[in-house]
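No value in this document is a laboratory result; all are computed from the given coordinates. Worth saying up front: this structure is predicted, and the values here are computed from it rather than measured. Heads up, the Cβs are rebuilt from the backbone with ideal geometry, glycines too, and the neighbour counts pull from every protein chain shown.
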Amino acid sequence: MVQNSYFFKVQNLSKSFGGLQAVKNVSFEVKKGSLTSLIGPNGAGKTTIFDLISGFIIPDKGKVFFKGHDLTGRKPHEIVSMGMARTFQHLGLFYRLSVWDNIFLALPGKKREQVLGVFLPQTTLRDEEKILRQRTKEILDFLGLTEKADEMVANLSWGDQKLVSIGRLLATDGEFLLMDEPASGLSDEQISHLKYLIKELISMGKTILLIDHNMEAIMDISDWIIVLNFGEIIAEGKPADIQAHEEVIRVYLGV
Ligand SMILES: Nc1ncnc2c1ncn2[C@@H]1O[C@H](COP(=O)(O)OP(=O)(O)OP(=O)(O)O)[C@@H](O)[C@H]1O
Ligand SMILES: [Mg+2]
């Protein structure tokens with residue numbers, strides 16, 4: 001059916017906080033398998049859009065659609081179970097637990113095991129545990145965190161903590177991943193690694209919606225860029241078109 005051919009879209013999303021309209025009538029689409037970026041100055045409404053999409057806040061107006069489903073008003077955990085997951089600007093990790101535990105506890109099967117544990121035979125539980133441990137190991141290997149598996153997250157560098165947050169995102173096994181400023185505070189070397197990981201995820205079939213302020217990285221890896229200013233979309237297009245867009249240049253250079 002034609003109306004179900006999209007992967008993800010928002011239509012006329014609006015959200016006010018008191019007298020401040022943080023998001024104004026925002027509509028856009030994300031193509032399956034793409035890396036789409038949401039950029040704009042501080043306070044433009046980017047994180048609020050993530051909060052609206054992932055069910056953390058409810059829009060005043062507008063709708064969120066994912067693979068033919070209307071997600072508007074659904075709870076965050078329902079949205080995650082449908083295959084969409086996000087990271088947070090403030091990371092939100094279990095800082096007193098190990099890297100391993102942070103990933104392991106984010107795996108969806110973990111909850112099922114806790115709930116059904118008393119009813120399932122021991123062999124089934126052992127098999128499930130094995131699969132979950134294998135998956136945790138794969139994620140740590142992918143991120144290059146294997147050697148730090150036993151370290152407490154509070155003792156890691158900011159860059160490694162950001163990798164753990166991506167690990168928790170991957171643990172959900174979501175096909176649509178939302179990342180809020182994954183490059184902020186990273187060194188050039190860490191940003192290269194992050195760009196590599198993001199490209200790998202795209203080649204593995206994931207779809208990514210990214211917020212970041214690092215223009216060099218955004219221009220390098222994005223398929224499509226959406227620019228927000230004061231809650232409104234002022235431009236969208238391919239990186240080269242966005243770089244040459246007059247209003248975008250004005251907003252960024254303040255001229
Ligand atoms: N819960 C809230 N209550 C009141 N105001 C809020 C709330 N969340 C966001 N805002 C305001 O809405 C506007 C948009 O904020 P948002 O966090 O979405 O911006 P952003 O584009 O993510 O900025 P940054 O690049 O600094 O992360 C800002 O003016 C912010 O102060
Ligand atoms: Mg933000």
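Structure values in brief
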item	result
Signed unit charges on C-beta, dipole axis of the chain, positive-most listed residue VAL26, LEU132, ILE79	ILE79
Candidates GLY159, GLY237, GLY92: whichever shows maximal mean-square fluctuation once the chain is modelled as a Gaussian network with Cα springs under 10 Å	GLY92
Computed FRET value (nearest 0.05) for SER157 with MET82, which takes r as the C-beta separation and R₀ as 25 Å	0.15
Choice from PHE88, PHE230, PHE17 showing the highest fluctuation, given a GNM over the chain with Cα pairs closer than 10 Å	PHE17
Rounded if a/c under 1.5, otherwise prolate or oblate - segment 1-41, Cα gyration tensor axes	oblate
Label-reachable residues, segment 162-181, where backbone N falls under 17 Å from a point 7 Å from ILE57's Cα toward its Cβ	180-181
Added length on full extension, which subtracts the Cα-Cα distance from 0.36 nm per residue, PHE17 to SER203	63.1 nm
Over the chain, relative contact order from alpha-carbon pairs under 8 Å, at least 6 apart, %	27 percent
Nearest 10 degrees, 0 to 90: helix 122-143 Cα axis against the chain principal axis	40 degrees
Summed side-chain charge close to SER54 - residues other than SER54 whose Cβ falls under 11 Å, Lys, Arg +1, Asp, Glu -1	0
Inter-label distance for GLU189 and LYS9, nm, one decimal - labels placed 7 Å from Cα along Cα-to-Cβ	4.5 nm
Fully extended contour minus Cα-Cα distance, from LYS67 to LYS137, at 0.36 nm per residue	22.2 nm
Per-selection Kirkwood Rh - segment 5-86 (Cα, Å, 1 d.p.)	13.0 Å
Cα-based Rg of segment 39-83 normalised by 2.2 N^0.38 Å, two decimals	1.19
Average Cα contact separation per residue, segment 178-255, under 8 Å, 6 or more apart, as relative contact order %	24 percent
